1. Any idea how many residues of the stretch B:177-193 are within 20 Å of B:VAL76 (Cα to Cα), away from ligand 2 (no atom under 16 Å from the Cβ) and not small (Gly, Ala, Ser)?
2. On the given criteria, is B:ALA58 modelled with pLDDT under 95 and either out of contact with any Phe, Trp or Tyr (no Cβ under 6 Å at 6 or more places or on another chain) or of a type in the set (Phe, Trp, Tyr) (or both)?
3. For the stretch B:156-182, name all the residues that are within 16 Å of ligand 1 (Cβ to nearest atom) and either within 29 Å of B:ALA61 (Cα to Cα) or buried (at least 17 other Cβ atoms within 10 Å of the Cβ) (or both).
4. For the stretch B:79-92: of the residues being at the interface with chain A (Cβ under 9 Å from one of its Cβ atoms) and open to solvent by less than 10 Å² (accessible area, probe 1.4 Å), which is farthest from B:ALA140 (Cα to Cα)?
5. Here are some residues: B:GLY37, B:GLY66. Which one is small (Gly, Ala, Ser), without any contact (Cβ under 8 Å) to a residue 24 or more places away in the chain, more than 16 Å from ligand 1 (Cβ to nearest atom) and open to solvent by 50 Å² or more (accessible area, probe 1.4 Å)?
6. For A:GLY138, state whether it is within 14 Å of chain B (Cβ to nearest Cβ) and not in a loop (DSSP other than H, G, I, E, B).
7. Only one of these is more than 16 Å from ligand 2 (Cβ to nearest atom), assigned to a strand (DSSP E or B) and free of Cβ contacts under 8 Å to residues at least 40 places away in the same chain: B:VAL226, B:VAL258, B:VAL240. Name it.
8. Filter the stretch A:141-159 for residues that are among the hydroxyl-bearing types (Ser, Thr, Tyr) and not in a loop (DSSP other than H, G, I, E, B) and give the result.
Amino acid sequence: MRKIWVIARKEWAEVFKNRFVLFTVIFMPLMMTALPLIILYTMGTPEEMAGFSAADMPASFADLCEGLSSETCGQYFIVSQFMLLFMLMPLAIPATFASYSIVGEKTTRTLEPVLATPVTTLELLAGKAVAAALPAIGATWLSFSVFSLGVAILTEGPGLLRQVTGPLWLFAIVVIGPLLAVAAVSIAIMVSSRANDPRVAEQISMLVILPLLGLFFAQISGLIFINETMILWMAIGVAVLDVGLLAFATQLFQREAILTRWK
Amino acid sequence: MIVVKGLTKRFGDVLAVDGLDMEVKPGEIFGFLGPNGAGKTTTIRMLSALISPTSGEAKVAGYEVGREDNEIRRNVGILTESPGLYARLSAERNLSFFAELYDVEDVAGQVERYLRLLGLWDRRGDVAATFSKGMRQKLAIARAMLHEPKVLFLDEPTAGLDPEMARLVREFINELKDRGRTIFLCTHNLDEADRLCDRIAVVNTRLLALDTPEALRAKLYDRVVVIHLSAASPAYEKVVSEQSFVRSVEIKDNKLVVGLDDPERNNPELIRALVDAGADIQFVGELRRSLEEIYLRLVK
Ligand SMILES: Nc1ncnc2c1ncn2[C@@H]1O[C@H](COP(=O)(O)OP(=O)(O)O)[C@@H](O)[C@H]1O
Ligand SMILES: [Mg+2]
């Protein structure tokens, strides 16, 4: 356990000196926090929202608005679109971080001396995974907190805040976020074992955001709507996926394979 | 300290190391000499528990390769083929990371000790990217020593260094030996092996020869004595060739070049015979075959 931290701390000391990684880890959460708040702000007061009626929303959404004024419900509908965007962070940040941390070590051949130490490959893998996943989860949670604070300040009454900090959102941010980060890390490890350029590895690993973007567009176009059942299934699906991906990544992460087959 | 029996490594169709048998004694500098692609790096990787042998067995510091790998890793240090430093981290941070991975008790103390020993203490805060090739190599050697390993594997420690730096690294290797450490030195540099090593294994996939540098020379060639005369003549050549112990003789300018089995015993008699024949001897010396000739003959 201690060695996992030793490795994670080294990763942070090293990889955060890279401008590209720093950019992703800082800029993306800033954008993801600012964007919904700006939209909320420009949407203006509930009076201006008065024209927004339930008819503009998918029928299923009305269930979620129980007890809310139609204005707040309208705001909630708009802000809801961003829940999925908050989940982009736990996917994108680990993809970037792990690509630089693994392909970087591969091209500079720094892994061999590490593998010569009594560290187990599982500790090494865990150290790298933790190093990539924690900043992502931290950034997600932090920007969600800032976002909730912004909602509290920008909206009148507790209606919208209660929704945004309700079980549905919290479950998505607190449970699904980390599960997605694990998937992103595992995929980045697999891609990194094959790639020789961290930027290429990053771009390929970034493809993990596609399914999420798909969901996002399906939601804005009204095809689906993220509700409790769907989010639960999503969590189960990602958890199962994580187990499979992790098993595969562990398989790739063997001393001999890293030294002789990672080219 | 290291015992190897039938050690073999295959990469698919490529036979990298074939049936290696040898023994390295505690406290010696053991040279592992061979051309590029001879399997030196592969052997070091097997002996430091980085990759597993295809067949055969080996014991390092008393632990069996493949069964007690973690113990082996604790007890050996390795200077890998490329120094593999974290370019963005300081010299000190590079070392402290490894000290922690090796479970060194006094991390700061050991890091300081080796930074000072290798003359890098003043540059401890600088990132490794700013270091010269020689300094990087020194830092990588320091990294291999932090946990005070019993056996130190050095994979071509002076490759790519300028002569001055190479000399400093060699001096340091000699110092390490004085501290009673066993050193396994891979090199394709004959001169280096000759100067540093107590014994040399010549390898090219298989083990071709293993002995002290002197014995390798003696075993593979007759010893040759060169006698400088004020004037050489065929008469003297005849006198020399009549001696029963002489294997070969040849005139070169004013020199007689004589092949002998045992110069220490035969020289006095040979010289007496020449003096009796009236030769003016100016100087007698031994022609030392370079290890290079021996090596090329072996590897071809
Ligand atoms: N990972 C690998 N995959 C396939 N072949 C390899 C691998 N590593 C080394 N070899 C082959 O094994 C042989 C020995 O290589 P190596 O041990 O690096 O030699 P040396 O260090 O003496 O130059 C070479 O023919 C090399 O091509
Ligand atoms: Mg080599």
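The values are calculated or read from the model by the stated rules, or taken from the named source; none is laboratory data. Source: prediction; values computed, not measured. Note: ideal-geometry Cβ built from the backbone for every residue, glycine included; neighbour counts use all protein chains shown. The protein model used for the area step is the full one, side chains on, heavy atoms only, and it has no ligands, DNA or RNA in it. Shrake-Rupley method; radii C 1.70, N 1.55, O 1.52, S 1.80 Å.
1. Final tally of qualifying residues: 6.
2. Considered against the rule, which asks whether it is modelled with pLDDT under 95 and either out of contact with any Phe, Trp or Tyr (no Cβ under 6 Å at 6 or more places or on another chain) or of a type in the set (Phe, Trp, Tyr) (or both), B:ALA58 comes out as no.
3. Matches in the stretch B:156-182: B:GLU156, B:PRO157, B:THR158, B:ALA159.
4. Filtering the stretch B:79-92 for residues that are at the interface with chain A (Cβ under 9 Å from one of its Cβ atoms) and open to solvent by less than 10 Å² (accessible area, probe 1.4 Å), the one farthest from B:ALA140 (Cα to Cα) comes out as B:LEU89.
5. Details: B:GLY37 fails: more than 16 Å from ligand 1 (Cβ to nearest atom).
Only one candidate passes the filter, namely B:GLY66.
6. No.
7. Among B:VAL226, B:VAL258, B:VAL240, only B:VAL258 is more than 16 Å from ligand 2 (Cβ to nearest atom), assigned to a strand (DSSP E or B) and free of Cβ contacts under 8 Å to residues at least 40 places away in the same chain.
8. First pass over the stretch A:141-159, keeping only residues among the hydroxyl-bearing types (Ser, Thr, Tyr): A:143, A:145, A:148, A:155.
Passing the criteria: A:SER143, A:SER145, A:SER148.
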